[in-house]
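Accompanying notes for the structure given below.
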Amino acid sequence: MNQTDQGTLVDPVCGMTVDLAEAEAEGLVLDLDGTTYAFCGRGCMLEFRDDPARFVDPQHRPSM
Amino acid sequence: MTDQSIRIVNLPVEGMTCASCVNRITRFLDRVDGVEEANVNLATDSATIRFDPSRTDVAALVSAVEAAGYLAVPPAEPSAETGAGATGATATTDRVESTNSERHLADLRRRLAVAGVLTVPLLLGLARMTVAPFLPAFLADPWLQLLLATPVQIYAAAPFYRGAFNALRHRTTDMNTLVAVGTSAAYGYSVAAILAPGFFAVAGRTANAAPPLYFDTAATIVTLILLGRFLEARARSHTSDAIRRLIDLAPRTARIVRDGAELDLPIGDVVAGDIVLVRAAERIPVDGVVLSGRSAVDESMVTGESMPVTKAADDGVIGGTLNGTGSFTFRATRVGADTVLARIVRLVQEAQGSRAPIQRLADAVTGIFVPFVIVVAAITFIVWFVAGPAPAFNLALLNTIAVLIIACPCALGLATPTSIIVGTGKGAEQGILFRNAESLERLRSVTAVVLDKTGTLTEGKPTVTDVVVGSAAGGLTDEALLRLAAAVERGSEHPLGEAIVRRVHEAGIELPAATDFNASAGDGVEALVEGLTVRVGRAGFVGVAVEAALLGQAERLAAFGRTVMFVAVNGRPVGLIAVADTLKPGSAAAVAELHRLGLSVAMLTGDDERTAGAIAAEAGIERVLADVRPAEKAARIRALRAEGAVVAMVGDGVNDAPALATADVGIAMGNGTDIAIEAAGVTLLRGDLGGLVTAIALSRATMRNIRQNLFWAFAYNVALIPLAAGALYPFTGWLLDPIFAAGAMALSSVTVVSNALRLRGFRSPAAPSMPPSTFREEYSR
């Protein structure tokens, strides 16, 4: 979704930059409709799972 | 709300990673019926919840946290405080936390005492068998030794076993593993040797044929390592002195006037709007605005202002500061956790609990180091057992234990946190608030500093210096022009607009009403005044073709560092107003210091080139970024970073937030309002640039200290591994007794903590602090 350089992704819930390899190692990566999302922690992943539409919406601003 | 039965509980919460987690958990907790307030703290991994015990209980709270997806540990002894503490939730949480850490410290002390007391006779027994045969024989009795060593191994060493087991559950190893394995080997072997001595028949160290025992080794190792941990915990509680001192600034009671009567209330019961009485030499309890009376207040503990500040009606006062000889009453505006003091404390606590990037490096190193050591230990054992001289098994065991213990990087876990704690505490003393350890670390590598002009470099209190009416204005006087402009700018929060309004007030001119107010960010403002459309702002905004004469005047004024605003009536530019904002007294000196530190300095402003250039020259700044609209600030920072600079941006936070967030380190000036604190990595409480110099110097000193610690944590331990493994034995016959290995380990812990405490002697290189100006004025609103 928001791919920055060097194998990192932006957590769609809180906006933190997450190292993709680390996230994968900890099981904090989700695939939804063909897009890969990585999360900073379980909390953000759970938030996303509870209501993905809200965070996938392009109007949404990731913030803490 | 005076419900006597509100309970407060502090629950450790595991699994939080970012502020989203905090929001999620808070939401789930708020939904529980009976919860008054849930305060979740990311940095301390805990949640503090106020709840009504008749409607809910701790178990329900724990379930709520688990439903959110996290783990909560119900506390053993829930605290049952009624009402908030001295600084609101902060002090309560802190008291609960300090109780936890006090309990931890007491627990360590107990175990250390037990281990120590039992180890002494064991060591005497060792002495009896080796150097002091005149000591009573019973000391060397195996069964006595077993009796002494067992409580040490089972009770005193229990934390190591717990830690090793936890690590194992996560399929890793850590220093607890090393200690647990090493001491268990020594103890276990000794027990086996007592029960089946024939099996281990060896020449032994002494004349008698019984196999030597290593109870003393195991016990001494446990004692020494516990000592290291105890010292660490004690150092941790000492380095929070800075916080404790801040918290203690707030008094326990306040004298309130309610319904005509004077009451002494506990400070937790004061609410916003209360009228508070302060007498001579008392500490001001909460934040507020003076109603009547007059006095001078010593605000140095919060602002650094060494001269007492006069307070009269409408002046702001800060909770925790010390009143002088007068007395006064004030209306409380912020109480409990909202006071400036409470916010500062919270910020420092969070910073002290945060992880620095360099620590992750240290953790990663530990992650590979420990398995590596276990491998080396295994090799040591095999080599000695197979190829070593008699007694092969004993020597193999001894050396393996020595390797396991000497390589224990216990001090590594200490190296970074202790320095961070001392560094952030030191910063707080000087009015520098680091939001987290990462900011403290990053500040050191900054190469370029960008300074916002208004409010940072300058006082932020511009005054009108010139009013010029154009020839097309048809008889409009200076006064009339000002009056119209002020009417539009009334209520404006922009410093330039405020300057105009202030000038009109000072002249005693009445402001006409303005309607249909419209602002175009960074360009100007417009309103309808007495039937006229009046615009105030940049040349472009104000209207077509400003006459040449006016433009010429504008240029001339700009060359003197004035900011020029044009005024137009009904679409026709009629004149200009020039405003000057003086440089803060310490600015030029601070810029010079920044240059001396090897940094490049740039000024960022919405002013035009000419004006900006004049001011920059006065301050000694070599690079000017002028004509920057507020919305463009962040982009300019990004551009600078793209050039390769590590950028620190200093701003007053209110409209600089995006730029501050974009910089490598965002630094906010002033009184620590919400926006500033949230967006910035560092807040300079005292509002003067000298603080920036101090902050950078402190960051460099702290990182240097951390690197030193990391070195000491490793150095002699690693250097001694070959010795412990017996590599020198074939040449010199040197072996490392595990007892000395444990000693070296404790020594490295002590070295690291002592070195970190050295940081307390840090002195700022900047000139003695200039009287901070913006802080006080912010509170006079």
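Kindly provide the set of residues from the stretch B:468-487 that are in contact with a helix residue (DSSP H, G or I) (Cβ under 8 Å, 6 or more places away or on another chain) and either buried (at least 16 other Cβ atoms within 10 Å of the Cβ) or not in a helix (DSSP H, G or I) (or both), ordered by number. Can you show your working first?
Residues of the stretch B:468-487 that are in contact with a helix residue (DSSP H, G or I) (Cβ under 8 Å, 6 or more places away or on another chain), as a first pass: B:468-471, B:473, B:481-483, B:485-486.
If the condition is that a residue be in contact with a helix residue (DSSP H, G or I) (Cβ under 8 Å, 6 or more places away or on another chain) and either buried (at least 16 other Cβ atoms within 10 Å of the Cβ) or not in a helix (DSSP H, G or I) (or both), then B:Val468, B:Val469, B:Gly470, B:Ala473, B:Leu481, B:Leu482, B:Arg483, B:Ala485, B:Ala486 are the ones that fit.
Can you name the residue in the stretch A:16-33 that is assigned to a helix (DSSP H, G or I) and either over 19 Å from B:Glu14 (Cβ atoms) or touching an Asp or Glu at 6+ places or on another chain (Cβ under 8 Å) (or both) and is also nearest to the other protein chains (Cβ to nearest Cβ) among such residues?
A:Ala21
Of the residues in the stretch B:607-630, how many are buried (at least 17 other Cβ atoms within 10 Å of the Cβ), without any contact (Cβ under 8 Å) to a residue 60 or more places away in the chain and either in a strand (DSSP E or B) or on the phi > 0 side of the Ramachandran plot (or both)?
Within the stretch B:607-630, residues that are buried (at least 17 other Cβ atoms within 10 Å of the Cβ), without any contact (Cβ under 8 Å) to a residue 60 or more places away in the chain and either in a strand (DSSP E or B) or on the phi > 0 side of the Ramachandran plot (or both) number 1.
Where in the stretch B:1-72 are there strands (runs of 3 or more DSSP E), lying fully within it, with 1 or more residues that are surrounded by fewer than 19 Cβ atoms within 10 Å (Cβ to Cβ), free of Cβ contacts under 8 Å to residues at least 60 places away in the same chain and within 14 Å of another protein chain (Cβ to nearest Cβ)? So that I can check it myself, show each step before the final result.
Numbers: elements: B:7-14, B:35-41, B:46-51.
Once the strands (runs of 3 or more DSSP E) in the stretch B:1-72 are filtered for at least 1 residues that are surrounded by fewer than 19 Cβ atoms within 10 Å (Cβ to Cβ), free of Cβ contacts under 8 Å to residues at least 60 places away in the same chain and within 14 Å of another protein chain (Cβ to nearest Cβ), what remains is B:7-14.
Among the residues in the stretch B:536-552, are any under 19 Å from B:Thr477 (Cβ atoms), modelled with pLDDT of 85 or more and not polar (S, T, N, Q)?
Yes: the stretch B:536-552 contains one or more residues that are under 19 Å from B:Thr477 (Cβ atoms), modelled with pLDDT of 85 or more and not polar (S, T, N, Q).
Exactly one condition in (1) in a helix (DSSP H, G or I); (2) under 30 Å from B:Arg343 (Cα atoms) is false for B:Leu433; which is it?
(1)
Find all pairs meeting these conditions: Cβ atoms under 6 angstrom apart; at least six residues apart or on different chains; first residue within the stretch B:498-517 and closer than 18 Å to B:Val529 by Cα and touching a residue at least 40 places away in the same chain (Cβ under 8 Å); second residue among the charged types (D, E, K, R) and surrounded by 14 or more Cβ atoms within 10 Å (Cβ to Cβ).
Listed by first residue and then by second, the contacts come to B:Ile500/B:Glu489.
Take the stretch B:736-755 and flag every residue that is among the aliphatic types (A, V, I, L, M) and farther than 28 Å from B:Leu397 by Cα.
B:Val752, B:Val753
Report, ordered by the first and then the second residue, all pairs with beta carbons closer than 8 Å, sequence separation of six or more or different chains, a first member in the stretch B:373-390 that is touching a residue at least 24 places away in the same chain (Cβ under 8 Å), and a second member that is loosely packed, with under 13 Cβ neighbours inside 10 Å.
Note: pairs meeting the criteria are B:Ala390/B:Ala203.
Which is farther than 25 Å from B:Arg610 by Cα, modelled with pLDDT of 85 or more and out of contact with any strand residue (DSSP E or B) (no Cβ under 6 Å at 6 or more places or on another chain), of B:Gly531, B:Gly491?
Answer to the selection: B:Gly531.
Anything in the stretch B:157-199 that is in a loop (DSSP other than H, G, I, E, B) and over 21 Å from B:Phe369 (Cα atoms)? List them, or say none.
Answer for the stretch B:157-199, where residues must be in a loop (DSSP other than H, G, I, E, B) and over 21 Å from B:Phe369 (Cα atoms): B:Ala157, B:Ala196.
Do any strands (runs of 3 or more DSSP E) entirely within the stretch B:250-326 hold 1 or more residues that are out of contact with any Ser or Thr (no Cβ under 9 Å at 6 or more places or on another chain), and if so, which?
By residue number, B:253-258, B:261-266.
Looking only at the stretch A:34-64, filter to residues that are away from chain B (no Cβ under 14 Å) and either modelled with pLDDT of 80 or more or surrounded by 13 or more Cβ atoms within 10 Å (Cβ to Cβ) (or both); which one of those is farthest from B:Cys21 (Cα to Cα)? Walk me through it before giving the result.
Start the filter on the stretch A:34-64 by keeping residues that are away from chain B (no Cβ under 14 Å), which leaves A:34-36, A:52-53, A:56-59.
Subset that is either modelled with pLDDT of 80 or more or surrounded by 13 or more Cβ atoms within 10 Å (Cβ to Cβ) (or both): A:34-36, A:52-53, A:56.
On the way: A:Gly34: 26, A:Thr35: 23, A:Thr36: 21, A:Pro52: 16, A:Ala53: 19, A:Val56: 18 Å.
Among those that are away from chain B (no Cβ under 14 Å) and either modelled with pLDDT of 80 or more or surrounded by 13 or more Cβ atoms within 10 Å (Cβ to Cβ) (or both), it is A:Gly34.
The values are calculated or read from the model by the stated rules, or taken from the named source; none is laboratory data. This is a predicted model, so every value here is computed, not measured. Cβ: placed from backbone, ideal geometry, glycine included. Neighbour counts: every protein chain shown.
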